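Peer 1: Next up is a structure, given as structure tokens.
Please treat every number below as a calculation from the coordinates, not as lab data. Just so you know, these numbers come straight off a predicted model, no measurement behind them. Positions of Cβ are backbone-derived with ideal geometry, glycine not excepted, and every protein chain shown enters the neighbour counts.
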Amino acid sequence: MIEWVNSIVQGVLTGGLYALFAAGLAIIFGVMRLVNIAHGDLIVLAAFVAMVTIETTGVDPFVSMVAVLPFMFFFGYVLQRGILNYTLGDDLLPPLLVTFGISIVIQNLLLEIFSADSQRLKAGPIEVSSVELVEGIELGTLPLIVFVIAVALIFALQIGFSRTRLGRAFRATSDDPSTARLMGINQKHIFGLAMAVSLVLVAIAGIFIGIRTNFDPALGPTRLLFAFEAVIIGGLGSMWGTLAGGVILGVAQNIGAKIDPGWQFLAGHIAFLVILVLRPNGLFPRTRDD
Amino acid sequence: MSLLEIRNLDAFYGDFQALFGFDFDLEEHETVAAIGANGAGKTTLLRAITGMVAATSEVLSYRGESIQSREAADIVALGVAMVPEGRRLFPSLSVEENLVIGGYSGRPGRWSLERVYELFPALRNRRSVPGTALSGGEQQMTAIGRALMSNPDLILFDELSLGLAPVVVKEIYEVLPVIKAEGTAMVVVEQDINRALEVADRVYCLQEGRLALTGAPGDLTRDRISAAYFGT
Ligand SMILES: Nc1ncnc2c1ncn2[C@@H]1O[C@H](COP(=O)(O)OP(=O)(O)O)[C@@H](O)[C@H]1O
Ligand SMILES: [Mg+2]
């Protein structure tokens, strides 16, 4: 019995990380209706950027964020204003094709520079330390930290969306882009900032992946899939939905793995499909339908 | 110098041309009505002024400065606000957030949330509900308040009274003199010709994308206006 509880608890911890993947994807889709196929590869790119930063400066992965986060913020803004803004319009296909192309380019560049070897960001003794919750349930310190930071970030994002000037501009643009322009909101700049914020989340997620598991240049598409599934499960109503989506996916995968190690991802996909059938708009849908 | 000067304006939706060689002038503090049948091009004219439609012209200038190829967002910052057809409140923003976002460009001036609530007391108690939960009249008040929050020198009203009950229309029209008293110029697009003629210093009558008639309301006879309106 306790083993099952343990699976669920571990799944919740993993789910926090999935929620981070998903939050970045959801922001982009919410603000500009762009499905960023390169999202997973950008996560992997961020992990490699962190790896290079750590190797050249010798800092801890957590400290590397001081450099990697601003870098990805800037990269996101330039990517959006330099390329992606030109693909947006009434037709949904161009942004899909272009982000698919970016995905391929990132994968191949990483493969060329770093080879297909798996990598890991070394965080030191914290990697193996853990706390015992009750007998039979041990929480790894690192997964716990990752989870707490993920939840705190989701919380901060929700506050930012609902209380700040930029958050209002994001919501107004999402509701009605042309009327938002009539309010003096520069759409291209807002899209740039949305991608910048998304890639900051991507950077944090990438570094956390790098510390928790191995990564290699081909890992992106499955991370995209998890992010996508978490977003759909959660619905696009709020960041809490995204967190719930991530946690449900994480728990489903862990329970699947408990039944049979080969079933980990399959169980996640099944949970996704079941929710998609029962609640096509996700658990926390946007209140308005458009 | 006029506030707004437009010479030979053509406006397009893809291949479709909606305005043909249109001329338009507006002085500081002036109120102008734009009337015309459905599809005549009134909304398109307002969109051309705010940079929201593809347009070419000899002159399209605001306070002597060309706004022909300016971004919509920059034009708002110059002091041009729009109250769009159908109000277009942001559904995921509360009434107060809808007002606040009107001031996004940060243009200084005399309008504030407090003054908008003084102008439309009904909105004060409804400040935290979503804009879409309001009645049509309250939505129009919010849309007007939202435009005022940008401290404009020119407000463009598109179909101010459309879909509103007569008592509400009366209430809405009562605030126009207050706005005018601030020195704000106005373009009022209106189906209700009598209303439009009451508030306007001058009238432009549009027909199929062209200027059919213009002048001061006192100088134009009913017959000439209906002829221009209906194209008879
Ligand atoms: N988004 C659009 N795409 C194509 N044609 C449009 C669009 N908006 C308006 N039109 C056309 O442009 C003409 C003028 O429209 P509009 O300016 O909205 O007229 P009005 O506001 O006077 O009713 C009409 O023939 C209308 O069908
Ligand atoms: Mg119209």
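Peer 1: What's the whole-number percent of alpha carbon pairs in the stretch A:208-290 lying beyond 21 angstrom?
Peer 2: Of all Cα-Cα distances in the stretch A:208-290, 32 percent exceed 21 Å.
Peer 1: Could I ask something else about it? Taking the Cα atoms of the protein assembly as shown, report the difference between the largest and smallest coordinate on each principal axis, in whole Å and largest first.
Peer 2: Principal axes ranked by extent give 90, 48, 40 Å for the Cα atoms.
Peer 1: Let me ask another. If we restrict to alpha carbons, what Rg and Dmax does the stretch A:1-128 come to, in Å?
Peer 2: Looking at the stretch A:1-128, its Cα Rg and Dmax stand at 17.4, 55 Å.
Peer 1: Determine, from the Cβ-Cβ distance of A:Ser115 and A:Asp90 and an R0 of 51 Å, the FRET efficiency 1/(1 + (r/R0)^6), rounded to the nearest 0.05.
Peer 2: Once the sixth-power term is evaluated, E becomes 0.75.
Peer 1: For B:Phe12, put the label point 7 Å out on the Cα→Cβ axis and report which residues of the stretch B:52-83 keep their amide N under 12 Å from it.
Peer 2: The answer is B:54-57.
Peer 1: Using a cut-off of 24 Å between alpha-carbon atoms, which lysines can reach A:Lys188, once sequence neighbours fewer than 8 places away in the same chain are excluded?
Peer 2: Result set, ordered by chain and number: empty.
Peer 1: Here's a follow-up. Give the long-range amide H neighbours of A:Arg286: residues separated by 5 or more places, or on another chain, with amide H under 5 Å away, using H modelled in the peptide plane at 1.01 Å from N.
Peer 2: Distant-sequence amide H within range of A:Arg286: A:Leu236, A:Gly237.
Peer 1: When the scattering of the stretch B:4-230 is computed by the Debye formula from its Cα atoms alone, each counted once and equally, what is log10 I(q)/I(0) at q = 0.08, 0.09, 0.12 Å⁻¹?
Peer 2: Taken in order of the listed q values, log10 I(q)/I(0) reads -0.27, -0.35, -0.63.
Peer 1: Mind checking the full-extension length gain between B:Val167 and B:Arg210? Use 0.36 nm per residue of separation minus the Cα-Cα distance, one decimal, nm.
Peer 2: 12.2 nm is the gain from fully extending B:Val167 to B:Arg210.
Peer 1: Quick one: Karplus J couplings for the stretch B:170-181, per residue in order, coefficients 6.51, -1.76, 1.60, θ = phi - 60°, nearest Hz, x for Gly and Pro?
Peer 2: 4, 4, 5, 5, 5, 7, 4, x, 5, 5, 4, 5
Peer 1: Looking at the protein assembly as shown only, what percent of DSSP beta bridges run antiparallel? Nearest 5 please.
Peer 2: Numbers: 27 of 44 bridges.
The antiparallel fraction comes to roughly 60 percent.
Peer 1: List, in order, the whole-Hz ³J(HN,Hα) value for each residue of the stretch B:148-162 obtained from phi through the Karplus relation with A = 6.51, B = -1.76, C = 1.60 and θ = phi - 60°; use x for Gly and Pro.
Peer 2: 5, 4, 8, 6, x, 9, 9, 10, 9, 9, 9, 6, 4, 9, 4
Peer 1: Any idea what the relative contact order of the stretch B:4-230 is, in percent, if you count C-alpha pairs under 8 Å spaced at least 6 apart?
Peer 2: Relative CO of the stretch B:4-230 lands at 28 percent.
Peer 1: While we're looking at this one, here's another question. Considering the zone a paramagnetic label at B:Ala37 would reach in this model (a point 7 Å from Cα along the Cα-to-Cβ line), which residues of the stretch B:203-232 have amide N under 15 Å from it?
Peer 2: Taking a point 7 Å out along Cα→Cβ of B:Ala37, the residues of the stretch B:203-232 whose backbone N falls under 15 Å are B:205-213, B:225-232.
Peer 1: Counting DSSP beta bridges in the stretch B:99-226, what percent are antiparallel, to the nearest 5?
Peer 2: Details: 5 of 10 bridges.
Percentage antiparallel, nearest 5: 50.
Peer 1: Over the stretch A:46-96, what lengths in whole Å, largest first, do the semi-axes of the equivalent ellipsoid take, defined as the square roots of 5 times the eigenvalues of the alpha-carbon gyration tensor?
Peer 2: The three semi-axes for the stretch A:46-96 are 32, 10, 7 Å.
Peer 1: Tell me the Kirkwood radius of the stretch A:136-186: reciprocal of the mean inverse pair distance over distinct alpha-carbon atoms, in Å.
Peer 2: Evaluated over the stretch A:136-186, this radius sits at 13.2 Å.
Peer 1: Would you list which lysines come within 30 Å of B:Lys170, measuring only between C-alpha atoms, while excluding same-chain residues fewer than 8 positions from it?
Peer 2: B:Lys42, B:Lys180
Peer 1: State the volume of the convex hull built on the alpha-carbon positions of the stretch A:82-176, expressed per residue in Å³ and rounded to an integer.
Peer 2: Taking the convex hull of the Cα positions in the stretch A:82-176, it is 215 Å³ per residue.
Peer 1: Another question, then. So if the hydrodynamic radius of the stretch A:176-228 is defined as the Kirkwood radius over C-alpha pairs, what does Stokes-Einstein give as its diffusion coefficient at 37 °C and 0.692 mPa s, in µm² per second?
Peer 2: Calculated translational D: 245 µm²/s.
Peer 1: Using every Cα-Cα pair within chain A, state what percent have a distance larger than 34 Å.
Peer 2: When all Cα pairs of chain A are counted, 18 percent exceed 34 Å.
Peer 1: Enumerate the calculated ³J(HN,Hα) couplings along the stretch A:182-195 in order (Karplus 6.51 cos²θ - 1.76 cosθ + 1.60, θ = phi - 60°), each rounded to whole Hz, writing x wherever the residue is Gly or Pro.
Peer 2: Values, residue by residue: 5, 8, x, 8, 7, 4, 4, 5, 4, 4, x, 5, 4, 5 Hz.
Peer 1: At 7 Å along Cα-to-Cβ for each site, give me the label-to-label distance between B:Ala122 and B:Glu28 in nm.
Peer 2: 3.5 nm
Peer 1: Would you mind checking the radius of gyration and Dmax of the stretch B:12-97 based on alpha-carbon positions, in Å?
Peer 2: For the stretch B:12-97, the Cα-based Rg and Dmax read 14.3, 41 Å.
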